[in-house]
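Chemist: Mind having a look at this structure? Questions to follow.
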Amino acid sequence: MSNKSVLTFLAIAFCLGLVALLQPGTAAAQTSGDVQYIKIGTGGLTGVYYPTGGTICQLMARGQRNGEHNIDCKVESTAASVFNANTIRSDKDHMYLGIVQSDVQYQAYNGVDQFTAAGPDPNLRVVANLQSEAFTLVARKDANIVTFDDLPGKRMNLGDPGSGNRNTLELLMQEYAWTPETFKLATDLKPADMAGALCDNKIDAYVYVIGHPNGSLTEATTTCESIVVPVAGPKVDAFVAKYPFYPPTVVPGGLYKGTDADVPTFGPKATLLVHAELPEEIAYQVTKAVFANVEELKNSHPALSALTVESMLVGSTIPWHPGALRYFKEAGITVK
């Protein structure tokens, strides 16, 4: 090869290298190795978890495009909390993240209630606490359900097996010494099917543990005459005292047709869980995406509108992932 050819070759190679450096998310991201794939398990398509997970993945995608990392994030609709907790435990690659209610988080970590057979999962870690949720009882107005105590003998949807909805309801049913036979009919409909079944007069009531406002409740209360029913009284008080991760809360009045005043109830918090063996860099980048973009996360769903950095630091009963702690230290955020 002549000297001229060598120089031409080197010039082309230099230009190609420069182009690669200027491409967003390429050369800078390649310094951390090949693409790493994570998946965020959420919940039903009509709930809050799915759009929340989708927004987190969008924020991660922006960081990838900007060359901050080379992590590819996908969102998946699932049966929600219990399913997500079990999948985090069983995922061999430890690249699965899940949005899980704080009560389910506690039970999975400690191996109690429905996780007794599986045993404790001390490898659960948290990277963010999200919105507060309310145990919400919705009933047909003509079903004459005025309080939670009126449910025996009614057609009740217990919820999708493996969901936080069903888990919380079954725990409260234990406080009342109720079983599925307590009801005239006990169904296991998924969240997307609950409002339709209520307005088609196939069930009298359903429970949805959810942030508000919520599309399922809007559908139910505008399509047919239905109301949000108070969940309160001595047995509920005893239940909340027994399970402190269920603080009292309300469903704000005026959000749904037929329910003008605040409705008392209780509820957990949504938390973003990972396995302890999720690589620290990935946990760091996910935590950064969430905490550095709170305003965008708040806009992903009205139920998240009250989020603050401070509120996302409380509500969990398990340790933080080291990657999250690394971000907090870098950002000057103090955690207990």
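Chemist: When the residues of region 209-229 are narrowed to those that are touching a Gly at 6+ places or on another chain (Cβ under 7 Å) and assigned to a strand (DSSP E or B), which ends up farthest from GLN131 (Cα to Cα)?
Modeler: The residue in question is SER226.
Chemist: Here are some conditions: (1) outside the structural domain of ASP121 (by TED's automatic domain parsing); (2) surrounded by fewer than 20 Cβ atoms within 10 Å (Cβ to Cβ); (3) in contact with a helix residue (DSSP H, G or I) (Cβ under 8 Å, 6 or more places away or on another chain). VAL236 meets all but one. Which one does it not meet?
Modeler: Exception for VAL236: condition (2).
Chemist: Filtering region 103-124 down to residues that are part of a helix (DSSP H, G or I) and surrounded by 21 or more Cβ atoms within 10 Å (Cβ to Cβ), which residue is farthest from the chain's Cα centre (by Cα)?
Modeler: PHE115
Chemist: Which of the residues belonging to region 39-48 are surrounded by 24 or more Cβ atoms within 10 Å (Cβ to Cβ) and modelled with pLDDT of 95 or more?
Modeler: Those that are surrounded by 24 or more Cβ atoms within 10 Å (Cβ to Cβ) and modelled with pLDDT of 95 or more: ILE40, GLY41, THR42.
One line per residue, one yes/no per condition, for (1) without any contact (Cβ under 8 Å) to a residue 40 or more places away in the chain; (2) among the charged types (D, E, K, R); (3) assigned to a strand (DSSP E or B):
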site	(1), (2), (3)
GLY153	yes, no, no
THR168	no, no, no
GLN174	yes, no, no
ILE203	no, no, no
VAL207	no, no, yes
VAL231	no, no, no
PHE245	no, no, no
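Chemist: Next question. Residue under question is THR78, and the condition is that it be among the hydroxyl-bearing types (Ser, Thr, Tyr), within 23 Å of SER300 (Cα to Cα), crowded, with 18+ Cβ neighbours inside 10 Å and over 11 Å from the mean Cα position of the chain (by Cα); does it hold?
Modeler: no
Chemist: Shifting gears a bit: State the number of residues belonging to region 233-243 that are over 14 Å from LEU169 (Cα atoms) and without any contact (Cβ under 8 Å) to a residue 60 or more places away in the chain. Working first, answer last.
Modeler: Restricting attention to region 233-243, the residues satisfying the condition of being over 14 Å from LEU169 (Cα atoms) are 233-234, 237-238, 241-242.
From what is left, the residues that are without any contact (Cβ under 8 Å) to a residue 60 or more places away in the chain are 234, 237, 241.
Here the count works out to 3.
Chemist: Sticking with this one: Return the only residue of ALA241, ALA303, ALA195 being modelled with pLDDT under 95, outside the structural domain of GLY98 (by TED's automatic domain parsing), closer than 25 Å to ARG166 by Cβ and not in a loop (DSSP other than H, G, I, E, B).
Modeler: Within the list ALA241, ALA303, ALA195, the selection yields ALA241.
Chemist: Go through (1) at pLDDT 95 or above; (2) buried (at least 20 other Cβ atoms within 10 Å of the Cβ) and name the single condition THR187 misses.
Modeler: (2)
This table checks each residue for (1) closer than 23 Å to GLN131 by Cα; (2) touching a His at 6+ places or on another chain (Cβ under 8 Å); (3) modelled with pLDDT under 95; (4) not assigned by TED's automatic domain parsing to the domain that holds PRO279.
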{"position": "VAL6", "(1), (2), (3), (4)": "no, no, yes, yes"}
{"position": "ALA11", "(1), (2), (3), (4)": "no, no, yes, yes"}
{"position": "ALA61", "(1), (2), (3), (4)": "yes, no, no, no"}
{"position": "ASN66", "(1), (2), (3), (4)": "no, no, no, no"}
{"position": "GLU76", "(1), (2), (3), (4)": "yes, no, no, no"}
{"position": "LEU97", "(1), (2), (3), (4)": "yes, no, no, no"}
{"position": "VAL112", "(1), (2), (3), (4)": "no, no, yes, no"}
{"position": "GLY119", "(1), (2), (3), (4)": "no, no, no, no"}
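The values are calculated or read from the model by the stated rules, or taken from the named source; none is laboratory data. Keep in mind that this is a model prediction, so the values were computed, not measured. Note that we place each Cβ from the backbone using ideal geometry, even for glycine, and neighbour counts take in every protein chain shown.
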